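Q: Dumping the structure here so I can ask a few things about it.
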Protein chains: 2
Amino acid sequence: MIPFKSIIQLSRQNSNPLFLQISNQIINLIKNGTLRPAYRLPGTRAMAELLEVHRKTVIAAYDELNMQGWIDMIPQKGSYVNSKIPVLNYQRIENSELVFEKKESSFHYYKNQDFIAVEERPKKVDGIYIDDGICDYRLTPKEELARIYRNQISKKVNLDFLSYNSAHGNPILRKVLAEYLNNTRGLKIEKENVLITRGSQMGIHISAHLCLQKGDSILVGETNYQTADITFQSTGANLIRLKVDEEGITTSEISKHCKENKVRAIYVTSHHHHPTTVTLSAERRIRLLNLSQEYGFAIIEDDYDYDFHYSNSPILPLASHDQNGNVIYIGSICKLVAPVFRVGYLVAPSSFVNEAAKYRRYLDRQGDSLLELTFARFIKNGDLDRHTKKILKIYRERRDLICELLNKVCKDYVLFEKPKGGMAIWLILKSPYQWEKIKPIAAKKGLFLPDPKKYDYAKKGHNGVRIGFASLDLEEIKIFVEKFRSTFEENEKALK
Amino acid sequence: MIPFKSIIQLSRQNSNPLFLQISNQIINLIKNGTLRPAYRLPGTRAMAELLEVHRKTVIAAYDELNMQGWIDMIPQKGSYVNSKIPVLNYQRIENSELVFEKKESSFHYYKNQDFIAVEERPKKVDGIYIDDGICDYRLTPKEELARIYRNQISKKVNLDFLSYNSAHGNPILRKVLAEYLNNTRGLKIEKENVLITRGSQMGIHISAHLCLQKGDSILVGETNYQTADITFQSTGANLIRLKVDEEGITTSEISKHCKENKVRAIYVTSHHHHPTTVTLSAERRIRLLNLSQEYGFAIIEDDYDYDFHYSNSPILPLASHDQNGNVIYIGSICKLVAPVFRVGYLVAPSSFVNEAAKYRRYLDRQGDSLLELTFARFIKNGDLDRHTKKILKIYRERRDLICELLNKVCKDYVLFEKPKGGMAIWLILKSPYQWEKIKPIAAKKGLFLPDPKKYDYAKKGHNGVRIGFASLDLEEIKIFVEKFRSTFEENEKALK
């Protein structure tokens, strides 16, 4: 006789009712072979006494097992374990509490080696953490956004947006964004040219998937945004690297590459080249547009920091000059407000936008209509413009201070140009200093510097990293520069 | 002399300042070749008179052009169009207002023919619209969710969640979901086994991408969720179809297929097979687990409607029996609350979850931490449980009514089993009726039936579609059945 009393453990604190606790444990006994096929279970009265529960509870448990097909209840005869159920093969493991152990699966999944894990920002850093150039999320107009969100969710007219919606994005935001981009970036587009994305990365992923396949080539800078490089490579396409100088990505080799390869696209961060922050010159912009027309490749223009320009006005994107429908223009609102708000856009000819929406349908079905409505309102109200002006002023001060201090106390160690815009400085170490060596010394002082490898995916050995200044307040900038300076002093001692 | 006065149009209503309007229009004149390289612009005083603006405005415009590299300002000589700028090649189009016309792009993007556009639900349907089986979003606890969202956004402790975060999903929701799934589904998992997704579709996409590549095979039902079929095909993998009977997907042919093909995975909707709603029997569940262990393939278990069961308790998923780490368990919260809330999960061994997060990083960077925190709270409070109980009661009434009425007035036309759970009936038309013919007749009466093609992607000719009942209230169900019945009557007249 199987010792049900000691095997079946019941708890009145468990959120599952008793009958379910009983039936689930009997299922486990069947699966692991303790209760063999055709085994006759104790009668309900006997089992109730064994387990010290009401008989009705056992009847409910047996009914459950019967309905689920684990046992057969034969009137006047009793309840038998279904004779067709095979025993589950598994290696008994010591701690059988853990069904999913922290071990490899026994199936062999395909590991795409192109995808590398990215160093995540540590939580609650005790010290100064340097990012790639992201906004200061402490300045997010949180309360205002939450208020708008709540308003939008309550509106009767928005009820249908709670259901499944278009993979193109919320139609109201598409319209508002088309107007906003026309006004701020000199585009001349309509709602049909806008796909709402979850942010720039989704725009890059979708463009890569639609433009590239194995055997194709894409042109990128010799220094480039690493995440974009990896996204393009994951399609099986080949990266062709172009030199980058003080006028941005160079165009002189493009014809040659197009004649020798299946060049489908070029990826440019024209406003401020990532990572070096230089602006693509007017001459090269026009050359690029003409070349794309001549050779029939797409220009994927990632305008990740269009709004951040401190001296002159932002330079209009390539997309504003494109009369031939060759530019796929990618941007996001996250950078302006806070990274948590995953709202971006991809602007292109409507035929391309429709293809992109078809593909996107299979990625994550659709966007978040409520968040999209919230941002439509936030833009329409003029709140986004006001917020942008406010943070631009703050970031300009931060840029000025960090450049001034670096020039004052670190000029023996570093080379940099004061950036005209953006949220980061491209900081090159003078010889013989190296980021790889400086980084661990700085970390001991509570200064967490960026990983230099991610800025040199093409292994050019430029010895530069991006120092994001926008997310540091003036006090933090002072601490950063001081810690940075003392890191070099210590390094010099170590070198001697 | 170029007639600047008539070419340059200024408007004080425009949100761009006058100087920018001037510089942007001069840029366009340079690009289109009206102003040739080395052309000497009028002096600032002369231009100010021509355009009837203050001279300072023209100076600002010229400075802007100079900084952007479009013109060279030579002291004591004047301002000249940059002589290196090439003319932009484009075909002048009649309505030059539209930069992106609704035409094909001139680059040739790769159209992935596997992706088909899905019929979107029309807005504001005047009549009855039949869906695939989705929840009634009119029952969404909107105010409560908005209140929690606002609370979460205001909390000081959540400040860091406004920034970039882990691609794995919010750690608080991962923990809460692990507990919730352990309690409700008999899983024994920890936070490390959970990847937060945007909903089931993202889970399917990620699993497909990691498990399958060109040349591989995946097992699916001969009837299957079309979107999953298409997602798998898009990886280049081959679909092998298994028969589906009243016990769900059949397992007898699996060994044979595994011996002849590179079978990497099987896709099952075990709780209620999509589309036919049958439940996978206990016997087959164990066989499937044993086969996956024997041949080393993954089981992708899409438990899209686990919570919707009306007679007995929900049957525990395959994932609850899996001791070998072979099951990738996919689900979402959208189905329970409202499709707009894009929160789902993928549960698997932690090694797989980490690979999945790496890939996800390149899809859309990360999820929406604020929404994830909102749902963590909603689950933790017991609100999700209460909401589930409430809607289950409502949906059971709806199921009972629609089945009763269909049996009463349509039994000459249709065949169906009353579903034990889920949100849809699998409705087969008796010969000689056909959905393709019935659909347009019904549409004229304001009854919008599903597209039968999407239920028969494998072209088996079963003449069935899913009739979602959960989203229709009792009054709407009565109208549906009445319109449906009269459609057949009319069809019979048409047949005579």
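No value in this document is a laboratory result; all are computed from the given coordinates. The shown structure was predicted, so the numbers you read here are calculated from the model rather than taken from an experiment. Neighbour counts run over all protein chains shown; Cβ positions are idealised from the backbone, glycine included.
Q: At 20 °C and 1.002 mPa s, grab the translational diffusion coefficient of the protein assembly as shown from Stokes-Einstein with a Kirkwood Rh over Cα pairs, rounded to a whole number in µm² per second.
A: My calculation gives 69 µm²/s for D.
Q: What share of all Cα pairs of the stretch A:4-81, in percent, falls into each consecutive 5 Å distance bin?
A: Binned Cα distances yield the sequence 3, 17, 29, 30, 17, 4, 1, 0.
Q: Ratio of the stretch B:227-296's C-alpha Rg to 2.2 N^0.38 Å, to two decimals? Before the final figure, lay out the partial values.
A: Values: Rg = 12.2 Å, N = 70, 2.2 N^0.38 = 11.1 Å.
So the stretch B:227-296 has a normalised radius of gyration of 1.10.
Q: Counting only DSSP beta bridges with both residues in chain B, tell me the antiparallel percent, nearest 5.
A: 55 percent
Q: For B:417, B:190, what ranking results if the residue with the fewest other Cβ atoms within 10 Å of its Cβ goes first?
A: B:417, B:190
Q: On to the next question. Starting from the 7 Å offset along Cα-to-Cβ, what nm value, one decimal, do you get for the label separation of residue A:54 and residue B:295?
A: The answer from the label model is 4.8 nm.
Q: Any idea what the residue B:260 label distances to the other copies are, label 7 Å down the Cα→Cβ vector, nm, shortest first?
A: 4.7
Q: To continue, here is another question. With label points built 7 Å along Cα→Cβ from the Cα atoms of residue B:311 and residue A:459, find their separation and express it in nm.
A: Result: 6.5 nm between the two label points.
Q: While we're on this one: Would you work out which of B:135, A:282, A:327 lies farthest towards the positive end of the dipole of the protein assembly as shown? Charges go on Cβ: Lys and Arg +1, Asp and Glu -1.
A: The residue sitting farthest along the positive end of the dipole is B:135.
Q: Which whole-angstrom value gives the distance between the alpha carbon centres of the stretch A:375-431 and the stretch B:474-496?
A: 67 Å
Q: Also, quick follow-up: Output the DSSP H helices from chain A with an along-axis C-alpha extent of no less than 30 Å and a mean Kyte-Doolittle hydropathy no less than -1.0.
A: Answer set is A:383-409, A:474-495.
Q: For residue B:76 and residue B:260, calculate 0.36 nm times their separation in residues minus their Cα-Cα distance, and state this gained length in nm to one decimal.
A: Once the chain is fully extended between residue B:76 and residue B:260, it gains 57.9 nm.
Q: Which FRET efficiency value, to the nearest 0.05, do you get for residue B:66 and residue B:138 by plugging their Cβ-Cβ distance into 1/(1 + (r/R0)^6) with R0 = 41 Å?
A: According to the calculation, E is roughly 0.10.
Q: Assign unit charges at the C-beta atoms only (+1 for Lys and Arg, -1 for Asp and Glu), then state the dipole size of the protein assembly as shown relative to its Cα centre in Debye, rounded to the nearest 20.
A: 620 debye
Q: OK, next. Quick check for you: which residues of the stretch A:427-466 have the amide N under 16 Å from the point 7 Å beyond the Cα of residue A:479 toward its beta carbon?
A: Under 16 Å, as judged by backbone N against the label point of residue A:479, lie A:442-449 of the stretch A:427-466.
Q: How big is Rg to Rh over the stretch B:213-266, alpha-carbon atoms, Rh as the Kirkwood inverse-mean-distance radius? Write down the numbers at each step before the final one.
A: Details: Rg = 10.9 Å, Rh = 11.3 Å.
Rounded to two decimals, Rg over Rh is 0.96.
Q: Sort A:73, A:47 so the one with the fewest other Cβ atoms within 10 Å of its own Cβ comes first.
A: On the way: A:73 16, A:47 23.
The order, fewest Cβ neighbours first, is A:73, A:47.
Q: Rank B:9, B:78, B:268 by how far each Cα sits towards the positive end of the charge dipole of chain B (+1 on Lys, Arg Cβ; -1 on Asp, Glu Cβ) and give me just the farthest.
A: Sorting the options by dipole projection puts first B:78.
Q: Calculate the FRET efficiency for residue B:2 and residue A:253 from the Cβ-Cβ distance with a Förster distance of 35 Å, rounded to the nearest 0.05.
A: Rounded to the nearest 0.05, the efficiency is 0.45.
Q: Mind checking the stretch A:194-253 for GluC sites (Glu not before Pro) that DSSP puts in a loop (not H, G, I, E or B) and that have at most 12 other Cβ atoms within 10 Å? List each step's numbers first, then the result.
A: Working: sites: A:222, A:246, A:247, A:253; in loops: A:222, A:246, A:247, A:253.
Of the GluC sites (Glu not before Pro), the ones in loops of the stretch A:194-253 whose Cβ has at most 12 other Cβ atoms within 10 Å are A:246.
Q: Taking a label point 7 Å from Cα toward Cβ, how far is residue B:461 from its twins in the other copies, in nm, shortest first?
A: The projected label point of residue B:461 is separated from its counterparts by 7.0 nm.
Q: Going by Cα centres, the stretch A:226-291 and the stretch A:132-151 are how many Å apart?
A: 34 Å
Q: Here's something else I'd like to know. How many nanometers, to one decimal and shortest first, lie between the label point of residue A:247 and those of its other copies, if labels sit 7 Å from Cα toward Cβ?
A: Once sorted, the set of distances for residue A:247 reads 7.5 nm.
Q: Using only the alpha-carbon atoms of chain A as identical scatterers, what base-10 log of I(q)/I(0) does the Debye formula give at q = 0.07, 0.09, 0.12 Å⁻¹?
A: Rounded to two decimals, the profile gives -0.56, -0.77, -1.05.
Q: Points 7 angstrom from Cα along the Cβ direction at residue A:157 and residue B:489: gap in nanometres?
A: It is 4.0 nm.
Q: Let me ask you something else. Give me the Å³ per residue figure for the convex hull around the C-alpha atoms of the stretch A:142-380.
A: 117 Å³
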